[in-house]
Structures are given as structure tokens and as C-alpha cells.
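Working notes, beginning with the structure itself.
The values are calculated or read from the model by the stated rules, or taken from the named source; none is laboratory data. Since this is a predicted model, take the numbers as computed values, not measurements. Glycine also receives a Cβ, built like all others from the backbone with ideal geometry; neighbour counts cover every protein chain displayed. Surface areas here come from the heavy atoms of the whole protein model, side chains and all, with no ligands, DNA or RNA. Shrake-Rupley method; radii C 1.70, N 1.55, O 1.52, S 1.80 Å.
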Amino acid sequence: MNIDQFPETIRPHLIPEPGGDMIYRCLGCQAEHGITSLLYTCPDCGQVLLLHDRQFDRLKAIDGDTWRQILDYRRMLKIPALKGIYRYHEFLGPVIPLDAVVYLGEGHTPVVEASPVLQEKAGIRFFFKNDGQNPSASFKDRGMASALSYINFLIQSGQVGEVLSICASTGDTSAAAALYAAYLKPHIKSAVLLPHKKVTPQQLSQPLGSGADVFEIPGVFDDCMKVVEALSERYNVALLNSKNAWRILGQESYSYEIAQDFDYAMSDKIVVVPIGNAGNITAVMNGFLKFFEIGIIDSLPVIIGVQSIHANPVYRYYRQPEGPSRQFKPVTVKPSVAQAAMIGNPVSMPRVIQLVERYNQTAGQQRVHVVEVTEQDIMDWQLTANRNGHIACTHGGESLAGLQVALTRGLVDSNATAIVDSTAHALKFSGFQDMYFQGSFPDEFNVRSKPELVNHPQYVHPKHLEKVPAPGKPLDEDAFRIFVNAVSQEIADTLGLKKKT
Ligand SMILES: *Cc1c(COP(=O)(O)O)cnc(C)c1O
Ligand SMILES: [Zn+2]
């Protein structure tokens with residue numbers, strides 16, 4: 001649609017201009033720091049930062065109804081920079097000019113209603129938000145689009161020269177970082193650090209394919225993270241972990257997308273997300289709070305954070321009674337099929353603690369809950385979902401298992417509608433499906449295969465059949481007819497097919 005076909009009240013706001021006054025704000029000492037240099041922790045006290053727009057209140061000059069129209073009309077535009085997370089430019093990175101925006105197809109992932117059979121099993125109406133349908137097949141792309149658009153802006157405006165981006169990862173962050181960095185070649189080079197043998201072959205193939213320098217480190221993610229932190233303190237590198245507040249900012253788009261997809265009606269919604277490093281749940285809370293503050297949504301949805309019992313430091317924190325005795329203690333993780341969330345010392349914990357409090361306070365009631373689930377339930381729910389037409393990854397299974405726990409514990413109303421985050425594509429974690437189907441899970445996972453969820457390929461080679469085709473060795477006409485008849489007969493017998501009359 002041409003711009004002058006849009007309503008006159010919307011037209012001036014349709015294409016966002018750079019604006020706002022963004023700063024890093026420290027969650028420890030509240031100090032504010034300029035954004036012209038790349039900061040990850042507060043230079044004064046070492047705490048993590050969040051980005052804040054000091055002129056955020058200017059957005060209140062437009063009422064909620066007009067905002068909703070602006071965003072809905074923006075959906076019709078064909079401008080690439082506004083097709084991804086920057087449809088919400090004013091809320092995400094208002095200082096970034098549209099020509100610095102890096103758009104690789106991220107965000108606005110499909111919201112797919114669970115099949116009737118699956119909803120019946122789950123006992124609640126729910127949708128999967130398929131974040132595996134992002135360009136690098138996980139939700140991390142939203143944060144990466146934000147971080148790399150900002151770095152691109154710094155490069156374009158001559159504020160930085162060449163950039164070496166670096167991150168530690170449970171797999172998906174490195175896949176996203178390497179992809180977006182490769183797009184900005186030659187200005188950005190990327191290096192990623194992975195825990196040796198703790199990411200799936202698919203995840204390892206991603207940064208390799210994008211041409212990043214890939215380093216495998218002994219230990220788990222938390223150990224890699226320490227190395228990356230040491231590097232970023234001593235050398236001039238751009239850290240792309242979720243310590244980087246630009247990452248968190250971009251991931252807020254997840255909330256805005258849900259608000260828009262459900263016509264901004266959030267009072268009866270439950271948003272379920274897995275927690276690893278806790279960047280995602282931070283962004284989700286912050287996003288809903290911002291839309292609520294501007295009046296784009298009129299209530300805050302319930303948020304359920306989910307952790308595996310094998311990596312549950314956030315759950316353990318909130319399990320303690322509220323008050324000064326409540327203390328955060330990192331845990332030593334055990335192997336988890338929700339491998340991207342296998343984190344014992346989440347970087348964003350201070351952000352979570354502050355935001356949960358603000359969220360509940362703003363809502364006037366407890367609207368954020370953290371639950372834990374077993375590895376068995378994660379696998380069973382993932383496989384059940386996928387047997388009913390979905391493409392959930394293990395973390396999607398974790399979210400769905402968490403929704404079950406929340407229902408059982410009475411934390412959520414079964415008349416509400418849930419949006420369950422499948423944070424990556426099923427294919428990234430198909431190795432766990434293989435282990436389940438082959439009954440080969442190592443004991444420490446505590447996963448037993450349920451026969452009704454197991455599936456195997458069946459090799460069809462009828463015993464009496466001597467000749468079968470092979471690559472480059474076709475059969476002669478007669479032998480081929482015998483082959484086709486024998487094989488189709490065996491398949492028909494196995495399936496119990498009835499002959500056409
Ligand atoms: C990173 C990741 C998570 C965990 O998200 P956090 O922001 O670290 O809490 C969950 N699932 C997948 C697939 C991920 O890549
Ligand atoms: Zn500080």
C-alpha cells in the first residue's frame with residue numbers, strides 16, 4: 001500500500017524517525033552510562049546493565065488506540081527494516097536509523113494453535129509460538145538483530161572501526177551471532193566459544209558454516225562464559241552474550257509480537273518460556289511492562305518461567321519464602337535435554353529479580369511464577385506435541401511440561417489461553433529424539449522411553465527377493481517389476497491395506 005493511502009492520523013507515525021535518549025542503566029548502583037562505547041557491565045560496580053530510553057515518556061503523547069493502529073498498519077509496509085523486530089522501533093532501539101537495521105527475516109514467528117487432540121491432553125487452550133522459524137532456527141536472532149544493528153550503526157557513523165564479535169554459547173547464541181556477523185562482512189569478524197561436546201552436531205555446524213572461528217572448551221557453558229568474560233575485559237572485542245543489553249532489548253519483540261497477534265488482549269493470557277541464562281524471560285517481562293506503561297495493552301499476562309530439575313537455580317531462588325533471607329545460589333547443572341537452558345549461574349539473574357518484583361507490583365498481584373519439570377516430562381511432552389503436528393524442540397517440550405505443572409499447582413486458570421514458547425526448531429535437538437527412540441539415554445538423564453511415543457523406520461527387503469536396485473545399478477524390466485510387487489505387497493500387509501474392489 002502506498003503511504004498516502006494510510007489514514008491521515010497514522011501517516012506521520014508510520015515510518016519511525018531516529019529519536020529518544022538511550023543510556024545503559026546499572027542494576028546495581030543505578031548509574032547511567034552513555035551508549036557510544038560498548039559496555040557489558042557497570043564500570044563503577046560491575047553489575048549488569050539494561051538499556052533505557054530517558055525520553056520514553058514522549059511515547060505517551062500518542063494514545064494506546066493510535067499506537068495499536070500504527071503497529072497494525074506498519075504490518076502492511078514493504079520496508080525491510082520494518083519487517084522484523086523494528087516494527088517496534090520506538091520501543092526497541094529508537095536511536096538506530098532504519099538504514100543501519102540488519103534484517104535477516106527474524107521475528108514475527110508463527111503462532112500456531114495446538115491441535116485439538118493436543119489441547120485435550122493439555123487440558124487448556126494453547127498456542128505454540130514457533131521461534132524455531134527464525135533465520136538461525138532459534139529466538140536468539142531477535143537479540144542478535146538488535147545487537148548487530150546497533151554495531152552496524154556505530155560502524156556506519158564512524159564511531160568504531162573493525163569489530164571482532166565474541167560469545168560463549170550453549171549452541172544457539174553462537175549460531176545466531178555467527179550468522180549476523182557474517183552478513184556484515186568485512187566489518188565484523190566473529191569468534192564463538194562452545195562447551196566441548198555439549199552442543200548438538202546441528203548447532204556446531206551453524207557457526208562453522210557461517211565461517212566463524214569456533215573454539216571448543218572443556219567444561220560446561222558456565223565455564224565458557226568465564227573465558228569470554230576474561231577476554232572481553234582484557235581485549236577490544238564486542239561481547240554478544242546476553243550480558244550485552246542490546247540483546248535483551250531486541251528480544252522484547254517477542255512480547256510485542258504476542259500482544260499484536262492476540263489483538264492486544266492480554267488479561268486472559270499465559271506466556272510460558274523456558275529459563276536458561278534468563279535473558280529471554282527478562283526481555284519478555286520488560287516488553288510487556290513497556291506496552292502496558294504506554295497503554296497499548298491494558299493488562300499484564302501471566303508469565304510462567306520453566307526450568308529442568310537438572311538446571312534449576314531460578315526455581316530454587318523463588319521456592320524460598322519471600323523476604324531478606326531469600327538468597328540466590330548458583331547450582332551445578334546435570335545433563336539436560338533442554339540443553340540450551342543448562343545453565344547453573346544465569347547472567348541475567350539480577351535483572352530477573354528486579355523485574356519480577358516490578359511486574360508483580362505493576363499488576364497488583366503475583367503474575368510471574370517459576371516452575372520446574374523433569375527430563376522425562378520434557379521429552380514426553382515434546383514428542384507428544386510433535387506427534388500432533390507441531391515442530392517443538394526440547395525447550396518447547398519443557399515449556400509445555402511447565403504449563404502442566406502450573407495448571408496442577410493452580411497457578412493458572414484452565415479457562416485462560418497459553419502461548420508456549422518453542423524456542424528453537426525440533427531439528428536442532430533431534431539427537432535427543434533418537435536417544436528416546438533407541439532407549440539409549442545415559443542414566444543421568446533419568447528418561448525412560450514410553451513405547452507409545454517411540455518410532456522406528458522399517459526396512460523393507462522381502463526375504464525371497466534376490467535383486468534390489470542400487471545407486472547406478474538399475475534392475476532390468478522383469479526384475480524391477482518383481483521388486484515393486486514384492487515390496488508393495490509387504491508394505492500393504494504391514495499396514496493392513498484392503499484391496500480395491
Ligand atoms: C538460549 C536458549 C534458551 C534459554 O534462554 P535464556 O534467555 O538463556 O534464558 C532456551 N531455549 C533455547 C532453544 C535457547 O537457545
Ligand atoms: Zn553500577
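Values as computed for the structure displayed
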{"read-out": "Close pairs from the stretch 341-355: first closer than 16 Å to Val228 by Cβ and open to solvent by 10 Å² or more (accessible area, probe 1.4 Å), partner within 16 Å of ligand 2 (Cβ to nearest atom) and in a loop (DSSP other than H, G, I, E, B), Cβ under 9 Å, at least 6 apart", "value": "Val347/Lys243"}
{"read-out": "Any chance Gly211 is open to solvent by less than 40 Å² (accessible area, probe 1.4 Å) and at positive phi", "value": "no"}
{"read-out": "Subset of the stretch 258-270 [assigned to a helix (DSSP H, G or I) and either crowded, with 23+ Cβ neighbours inside 10 Å or out of contact with any strand residue (DSSP E or B) (no Cβ under 7 Å at 6 or more places or on another chain) (or both)]", "value": "Ile258, Ala259, Gln260"}
{"read-out": "Residues satisfying the stated conditions in the stretch 86-105, i.e. in contact (Cβ under 8 Å) with a residue 60 or more places away in the chain and of a type outside the set (A, V, I, L, M)", "value": "Tyr86, Arg87, Tyr88, His89, Glu90, Phe91, Gly93, Pro94, Pro97"}
{"read-out": "Residue among Val48, Val102 that is crowded, with 16+ Cβ neighbours inside 10 Å and within 16 Å of ligand 2 (Cβ to nearest atom)", "value": "Val48"}
{"read-out": "Residue in the stretch 277-296 that is in a loop (DSSP other than H, G, I, E, B), open to solvent by 10 Å² or more (accessible area, probe 1.4 Å), assigned by TED's automatic domain parsing to the domain that holds Leu411 and closer than 17 Å to Phe139 by Cα present", "value": "yes"}
{"read-out": "Checklist (1) over 21 Å from Ser422 (Cβ atoms); (2) open to solvent by 40 Å² or more (accessible area, probe 1.4 Å); (3) not hydrophobic (A, V, I, L, M, F, W, C) applied to Gln202, failing item", "value": "(1)"}
{"read-out": "The stretch 29-43, subset at pLDDT 90 or above and within 12 Å of Ala245 (Cβ to Cβ), residue farthest from ligand 2 (Cβ to nearest atom)", "value": "Ile35"}
{"read-out": "Candidates Tyr73, Tyr88, filtered to the one that is open to solvent by 50 Å² or more (accessible area, probe 1.4 Å), more than 16 Å from ligand 2 (Cβ to nearest atom) and of a type outside the set (Lys, Arg)", "value": "Tyr73"}
{"read-out": "Where Lys129 falls short, out of the listed (1) away from ligand 1 (no atom under 16 Å from the Cβ); (2) touching a strand residue (DSSP E or B) at 6+ places or on another chain (Cβ under 6 Å); (3) among the basic types (Lys, Arg)", "value": "(1)"}
{"read-out": "Test for Glu490: is it out of contact with any helix residue (DSSP H, G or I) (no Cβ under 7 Å at 6 or more places or on another chain) and surrounded by fewer than 16 Cβ atoms within 10 Å (Cβ to Cβ)", "value": "no"}
{"read-out": "Of all residues in the stretch 155-179 being assigned to a helix (DSSP H, G or I) and within 20 Å of Phe221 (Cβ to Cβ), the one that is nearest to ligand 1 (Cβ to nearest atom)", "value": "Asp172"}
{"read-out": "Filtered residues of the stretch 309-325 (kept if open to solvent by 90 Å² or more (accessible area, probe 1.4 Å) and part of a helix (DSSP H, G or I))", "value": "Arg316, Arg319"}
{"read-out": "Meets criteria (buried (at least 19 other Cβ atoms within 10 Å of the Cβ) and either in the same structural domain as Gln203 (by TED's automatic domain parsing) or closer than 30 Å to Asp261 by Cα (or both)) for Leu427", "value": "no"}
{"read-out": "The listed residue being of a type in the set (Ser, Thr, Tyr) and open to solvent by 40 Å² or more (accessible area, probe 1.4 Å), out of Thr384, Thr332", "value": "Thr332"}
{"read-out": "Residue check, Lys129 charged (D, E, K, R), under 26 Å from Ala341 (Cα atoms) and open to solvent by 20 Å² or more (accessible area, probe 1.4 Å)", "value": "no"}
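Residue-wise test of (1) open to solvent by 10 Å² or more (accessible area, probe 1.4 Å); (2) in contact with a Leu (Cβ under 9 Å, 6 or more places away or on another chain).
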residue: Lys197; (1), (2): yes, no
residue: Glu216; (1), (2): yes, yes
residue: Val220; (1), (2): yes, no
residue: Ser232; (1), (2): yes, yes
residue: Leu240; (1), (2): no, yes
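Residues are listed down the side, and each one gets a yes or a no for (1) within 19 Å of Asn388 (Cβ to Cβ); (2) within 25 Å of the chain's Cα centre (by Cα); (3) touching a residue at least 24 places away in the same chain (Cβ under 8 Å); (4) not in a loop (DSSP other than H, G, I, E, B):
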| site | (1), (2), (3), (4) |
| --- | --- |
| Val447 | no, yes, yes, no |
| Asn455 | yes, no, no, no |
| Tyr459 | no, no, no, no |
| Leu475 | no, no, no, no |
| Asp478 | no, no, no, yes |
| Phe483 | no, no, no, yes |
| Ser488 | no, no, no, yes |
| Thr494 | no, no, yes, yes |
| Lys500 | no, no, no, no |
